[in-house]
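Asks: Starting off with a structure, shown below.
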Amino acid sequence: MSEIKDRYDHVIIGGGIAADAAARAIHQRAPEASIAIISADPHQPVYRPALSKDLWSGDDPDPDSQALHTAEETGAELFTGTMVTDLLPASHTVVTARGQRVHYGTALLATGASPRHLPGVKDPRVAYLRTVGDYRHLRDLATDGARVVVVGGGYIGTEVAAALTRTGAQVTLAHSGQRLLACLFPESLTAHVEQVFTARGITLRPGFRLASIDTGHELVLHGEDGSTLTADAVVLGLSASLNTALAAPAHLTREGDAVVVDSQLRTSAADVYAAGDIIWFEDPLLGRRRVEHVDHAQTSGDLAGRNMAGAGEDYTATPLFFSDLFDDGYEAVGELDTRHETHEVWNQDRTAAVIHYLKDGAVRGVLLWNTWDSVPAARQLIADSAGGALSTEEITARIQPG
């Protein structure tokens, strides 16, 4: 790794997909511009969804196969394992933990999020899954026959549990709800997912709220209700916390822990942009929101990079997200929230569905279950239904499942 210079045209803080997309966009628009990517992660940028998907089910489990080759393909200088401790917008400077002061023309905050840890628990048998290092560690823990408990029945917990069955581990999925993925899916789908998970050898423990973990010879998980689970390894999928420690000292406008950006992904500080998980942005279809999925990281990183290089364009994306759970897969747009009214359309053999999530008569989200090539139609449906402009019959007729 080369020595970091005193000044770059563009400094990107973070080393994920948003950072990669921004570097590519800058390089495409301004190929002579100097770019520094400063990442606390010791590994180069990779396609992170593969850490809980393809690397467990494909032919190549090596995470190096998912490298994005950002530096090689953009000319950016990549500094891994390097923490930025201060962002100083007034002097257009960032400061690293080693005391290096780096001046920038524009800067991008693309620092993403980190898994929430259980306070007071530091044991190598308690794992998370966010980075390449996490993936390698979990691979070492999930040996054939190992008792692995995954805590968390949401998006990441279900993916991890499904992935671990490929290793021969004995997998238990403990979650606080009564039905798996009940916050996202209606009962028709949660029942199907639970049946599939059970058939694949996963033991489900609903209603389990983790209170503590004893780290003796074996791990003992204590639930708030006094129940216990024993394990050789534990994976915690307890949602994520945003990596926005730089924002408050830099006086960036925030909402909660997230950074507020304008339509061009500019923060409240001159020449400082933000992208990915950490931003509150204006979705053209759904209003102000925050999204933690790869499509948003990619598209917002790309737009931020273009604007750092002078494009002056608005962010007009309504991001999608996707997952595969054994033989089932889905794509989704908008708010998958079962507190909304839901309408289901199934194919004849009930292997594919389109689920609509409505609030005040307007479609706020669309789940495409085993239904493909329909994301543009789903976005158009959300737009056309605004203000209750479509009847239920018109809504359910728009996209056919399968």
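Asks: In segment 307-402, which strands (runs of 3 or more DSSP E) lie fully inside it and hold 1 or more residues that are of a type in the set (F, W, Y) and surrounded by fewer than 21 Cβ atoms within 10 Å (Cβ to Cβ)?
Replies: 320-325, 341-346
Asks: Which residue is surrounded by the fewest Cβ atoms within 10 Å (Cβ to Cβ), if the candidates are limited to segment 3-20 and must be among the hydrophobic types (A, V, I, L, M, F, W, C) and in a helix (DSSP H, G or I)?
Replies: Out of the qualifying residues, it is I17.
Asks: Okay, next question. For the structure I just gave you, tell me whether R98 is within 30 Å of G223 (Cα to Cα), surrounded by fewer than 16 Cβ atoms within 10 Å (Cβ to Cβ) and of a type in the set (K, R). If you could, list the steps in order and put the result at the bottom.
Replies: On the way: within 30 Å of G223 (Cα to Cα): no; surrounded by fewer than 16 Cβ atoms within 10 Å (Cβ to Cβ): yes; of a type in the set (K, R): yes.
No; evaluated as a whole, the condition is false for this residue.
Asks: Counting only residues that are in contact with a helix residue (DSSP H, G or I) (Cβ under 9 Å, 6 or more places away or on another chain), assigned by TED's automatic domain parsing to the domain that holds P49 and farther than 25 Å from T143 by Cα, give me the strands (runs of 3 or more DSSP E) lying completely in segment 163-217 with at least 2 of them.
Replies: none
Asks: Among the numbered conditions (1) without any contact (Cβ under 8 Å) to a residue 24 or more places away in the chain; (2) closer than 25 Å to R24 by Cα; (3) among the hydroxyl-bearing types (S, T, Y), tell me where S91 comes up short.
Replies: (2)
Asks: Can D225 be described as of a type in the set (D, E), surrounded by 16 or more Cβ atoms within 10 Å (Cβ to Cβ) and either more than 22 Å from Y104 (Cβ to Cβ) or outside the structural domain of V149 (by TED's automatic domain parsing) (or both)?
Replies: no
Asks: For segment 189-202, check the following and say yes or no: at least one residue is buried (at least 18 other Cβ atoms within 10 Å of the Cβ), in contact with a Ser or Thr (Cβ under 7 Å, 6 or more places away or on another chain) and under 30 Å from L358 (Cα atoms).
Replies: no
Asks: Now, a different point. Every residue in segment 21-32 that is in contact with a strand residue (DSSP E or B) (Cβ under 8 Å, 6 or more places away or on another chain) and surrounded by 19 or more Cβ atoms within 10 Å (Cβ to Cβ), please. Even if it seems obvious, please write down each step before you answer.
Replies: The first filter runs over segment 21-32 and keeps only residues in contact with a strand residue (DSSP E or B) (Cβ under 8 Å, 6 or more places away or on another chain), leaving 22-23, 26-27, 30.
Correct list: A22, A23, I26, H27.
Asks: Name the pairs: first residue in segment 164-180 and without any contact (Cβ under 8 Å) to a residue 60 or more places away in the chain, second residue of a type outside the set (A, V, I, L, M, F, W, C) and surrounded by 24 or more Cβ atoms within 10 Å (Cβ to Cβ), Cβ to Cβ under 6 Å, at least 6 apart or on different chains?
Replies: Close Cβ pairs satisfying both conditions: H175/G153; G177/G153; L180/G153.
Asks: Something else now. Within segment 228-243, restricting attention to residues that are among the polar types (S, T, N, Q) and more than 13 Å from G154 (Cα to Cα), which residue is surrounded by the most Cβ atoms within 10 Å (Cβ to Cβ)?
Replies: N243
Every residue, every condition in (1) at pLDDT 95 or above; (2) touching an Asp or Glu at 6+ places or on another chain (Cβ under 8 Å), yes or no:
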site	(1), (2)
V95	yes, yes
L118	no, no
K122	no, no
V126	yes, no
R139	yes, no
A142	yes, no
T158	yes, no
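Asks: Restrict the check to segment 25-47 and report whether at least one residue is among the acidic types (D, E), under 18 Å from the mean Cα position of the chain (by Cα) and assigned to a helix (DSSP H, G or I).
Replies: Within segment 25-47, not a single residue is among the acidic types (D, E), under 18 Å from the mean Cα position of the chain (by Cα) and assigned to a helix (DSSP H, G or I).
Asks: Additional query: For a quick check of your reading of the model, give me the residue pairs whose first member lies in segment 26-52 and is over 22 Å from G105 (Cβ atoms), whose second is aromatic (F, W, Y), with beta-carbon atoms closer than 7 Å and at least 6 apart or on different chains.
Replies: Every condition considered, the pairs that remain are L51/Y135.
Asks: Go through the residues of segment 140-155 one by one and say whether even a single one is more than 30 Å from Q28 (Cβ to Cβ), in contact with a Ser or Thr (Cβ under 7 Å, 6 or more places away or on another chain), of a type outside the set (D, E) and assigned to a helix (DSSP H, G or I).
Replies: yes
The values are calculated or read from the model by the stated rules, or taken from the named source; none is laboratory data. It should be emphasised that the depicted structure is a prediction, and the values quoted were computed from it without experimental measurement. Note: ideal-geometry Cβ built from the backbone for every residue, glycine included; neighbour counts use all protein chains shown.
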